[in-house]
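Have a look at the structure below before the remarks.
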Amino acid sequence: MRLFLLPPTFKGEPTLELSGKDFNYLIHALRLKEGQEIMGRDRDGKLWDLRITGIRKNSCILSASAAQSAQSKTDALPEERPLKPIILYQCLPKGRKADDIIKKATEAGVRDIVLVRSRNCVASLEGKEETRLSRYDALVAEAIQQSGSMVPTKVHGVIDISAVAEDFRSRSCGMESLGLVLHQTRLSESQSDLFSCVRGFNGCTALVVGPEGGLEEEECMMLLDAGFKAVLLKTNILRCETASIYAIGAVQTILESSC
């Protein structure tokens, strides 16, 4: 059963009424009937057992009680084995590429997606950041409900690439941290492959992915000086939106295989 992301107004009430997009998702998309159950998650990450107790023309009534177990009611990994935190620092790509990256990164269980402004970025959110972030939040909610992810993914506003290292320190919350920069060419003989960097790691991982045209060597060296490691993916030349998802999947696989 899929996971339903409860609206921000939900504060643990034993019953709630849903309309609009939430009603359409439950009744028309999932085709739930009266008496059927679904697992819900509030915006604080708490899980709830939800039951459809009534269906009206444009709304539905649900009962809510604290969940006993997520494993049997969602397609997600068991709650007792949470995914290791990954933070994606995505330099702004052109057009709607960010939409696809955000949806797929959410499905993969990335905890934070931070939008970054770098020298080769053509796209800009100046004057429209609030509207765009609102749309990204909606995309995250859809992806969580589709995938059943237990990770409360959050998209954050644009920062300059010079602020990435400090931002990562604040988001890693004192955990052991590993910062990785994807680069399209070899910077030095000390540059590592992804597997050797991530294997056996047990903390918070950051992935920095450039825009179309990649990162400038100066930008990479700045991050390396701050403790990040440069990674050269041993693949064909990847588009920025492909590189992000490829790297997330690879890191996630290596991290989980180390459990």
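Any residue at all in region 121-129 that's at pLDDT below 95 and outside any loop (DSSP other than H, G, I, E, B)?
Within region 121-129, one or more residues are at pLDDT below 95 and outside any loop (DSSP other than H, G, I, E, B).
Please find, among Leu32, Leu47, the residue that is closer than 14 Å to Ile144 by Cβ and not small (Gly, Ala, Ser).
Just a single option satisfies the conditions, and that option is Leu47.
If you go through region 9-42, how many residues are on the phi > 0 side of the Ramachandran plot and not in a loop (DSSP other than H, G, I, E, B)?
Adding up the residues that qualify gives 1.
Give me a count of the residues in region 227-249 that are farther than 18 Å from Val114 by Cα and at pLDDT 90 or above.
Adding up the residues that qualify gives 2.
Considering only region 169-203, state which residues are modelled with pLDDT of 85 or more, more than 24 Å from Asn120 (Cβ to Cβ) and either touching a Cys at 6+ places or on another chain (Cβ under 6 Å) or among the aromatic types (Phe, Trp, Tyr) (or both).
Residues satisfying the conditions are Ser172, Met175, Ser177, Phe201.
Just for region 136-178: of the residues that are polar (S, T, N, Q) and more than 12 Å from the chain's Cα centre (by Cα), which one is surrounded by the most Cβ atoms within 10 Å (Cβ to Cβ)?
This residue is Gln145.
Considering only residues that are more than 23 Å from Ile161 (Cβ to Cβ) and outside any helix (DSSP H, G or I), look in region 79-106 and name the one that is modelled with the highest pLDDT.
Lys84
Does Ala163 satisfy the condition of being within 22 Å of Cys240 (Cα to Cα), out of contact with any strand residue (DSSP E or B) (no Cβ under 8 Å at 6 or more places or on another chain) and at pLDDT 95 or above?
Yes; evaluated as a whole, the condition is true for this residue.
I need every pair where a residue in region 128-155 that is under 14 Å from Tyr25 (Cα atoms) and in the same structural domain as Ala105 (by TED's automatic domain parsing) has its Cβ under 6 Å from the Cβ of a residue that is among the basic types (Lys, Arg) and modelled with pLDDT of 90 or more, sequence separation at least 6 or different chains.
Hits for this filter: Leu139/Lys103; Ala143/Lys103.
The values are calculated or read from the model by the stated rules, or taken from the named source; none is laboratory data. A quick note: this is a predicted structure, and the numbers were derived from the prediction, not measured. Every residue, glycine among them, receives a Cβ derived from its backbone with ideal geometry; neighbour counts consider all protein chains shown.
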